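Working notes, structure below.
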Amino acid sequence: MTSTDHPFGRTTTTLDELHGCVDVTDAKRVLNSIGVAKPDKAVEGFLDQMPTLLAWLDEHGRDYPWRRASDPWQIYASEILLQRTRSDAVADIYPEFFAQFPSARCLLEADEEDLRSIVHPLGFVNHRVRTLREAAELCAEVQDEVPADLEALQQPWRVGPYTARACLLFAFDQPMALVDTNTARIVGRVFDYPLPEQPHKSTRVQRLLDALAPDNPALARAFNLALLDLGALVCTSENPNCPACPLAEGCEYAQTGDV
DNA sequence: TTCCGGGTTT
DNA sequence: AAACCGGGAA
């Protein structure tokens, strides 16, 4: 639980420590296989910037309530709410949602219309209600426990790789990388990596980020949150604010001005 | 692999 | 009106 005492995990580290918990070799291999120029220099440069990235999180990271949650069900449910939706919209309904449905059992016993109306502002209402209720049934069958295992989570719980991994990372302190449009866009720009149409389904992007994510629970938490927030606040899809970016020094996009 | 789902924000 | 967003289904 120590890594969740601070919502951002651990935001201080050293280059030495990072070299011991980042799979530099595999990251270079992935970049090499896709034809990125100077993969060695690119990965070392990224590693050099990682302490700065984590320090940036400490100063600018967003303090959302789900980042302070420790209950696995609440973390799982939050991730369902966050799928394809802006975080601020989730923050708006978060207090009411968990006042009404603090546990899987409460959600099951609640009136479905209440659930629908609370989730309504987020969109994807049918999908979210179905997912939450079916997962809540599974959860209630086993004393409100959420499985701490990727395979056990994905198909049965009606979530994909992103949400399953987010549960393991944020609820069970298992170090791993999250691939969404934000994290993919960042590595795409930093490494001048030509992203596929649906980056979140690319095994190569997943492998690259997995290699780069520190193999340490508190650092992995900070690493992922830093990329998520950087993608939302600085490295935005439109008009990125490169001068304010902690990764700019080692970033192809920031250096060349465009991709 | 492609297609679609659904609100809100811009 | 168009952009924004993961995952299941076609």
Completion exercise
The helices (runs of 4 or more DSSP H) lying entirely within region A:124-196 that contain at least 2 residues which are more than 11 Å from the chain's Cα centre (by Cα) and basic (Lys, Arg) are A:125-141, A:181-190
Exercise for the section: Give the residues of region A:166-192 that are free of Cβ contacts under 8 Å to residues at least 60 places away in the same chain and aliphatic (A, V, I, L, M), sorted by residue number. Expected result: A:Leu168, A:Leu169, A:Met176, A:Ala177, A:Leu178, A:Val179, A:Ala184, A:Val187
Fill in the blank from the handout: Of the residues in region A:78-123, those that are more than 13 Å from DNA strand C (Cβ to nearest atom) and not in a loop (DSSP other than H, G, I, E, B) number 25
Completion exercise
The lone condition A:Val36 fails out of (1) within 16 Å of DNA strand C (Cβ to nearest atom); (2) in a loop (DSSP other than H, G, I, E, B); (3) β-branched (Val, Ile, Thr) is (1)
Completion exercise
Looking across region A:228-257 at residues that are closer than 21 Å to A:Val36 by Cα and buried (at least 21 other Cβ atoms within 10 Å of the Cβ), the single one that is nearest to the chain's Cα centre (by Cα) is A:Cys235
Handout entry: Checklist (1) without any contact (Cβ under 8 Å) to a residue 40 or more places away in the chain; (2) assigned to a loop (DSSP other than H, G, I, E, B); (3) polar (S, T, N, Q) applied to A:Thr13, failing item
Key = (1)
Handout entry: Some residue of region A:126-146 being assigned by TED's automatic domain parsing to the domain that holds A:Phe223, under 26 Å from A:Leu225 (Cα atoms), in contact (Cβ under 8 Å) with a residue 12 or more places away in the chain and within 16 Å of DNA strand B (Cβ to nearest atom)
Key = no
Exercise for the section: State which residue is surrounded by the most Cβ atoms within 10 Å (Cβ to Cβ) when the search covers only region A:24-53 and only residues that are in contact (Cβ under 8 Å) with a residue 12 or more places away in the chain and among the small types (Gly, Ala, Ser). Expected result: A:Ala27
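The values are calculated or read from the model by the stated rules, or taken from the named source; none is laboratory data. What you see is a predicted model; the values in this text were computed from it and never measured. Backbone-built Cβ (ideal geometry, glycine too); neighbour counts: all protein chains shown.
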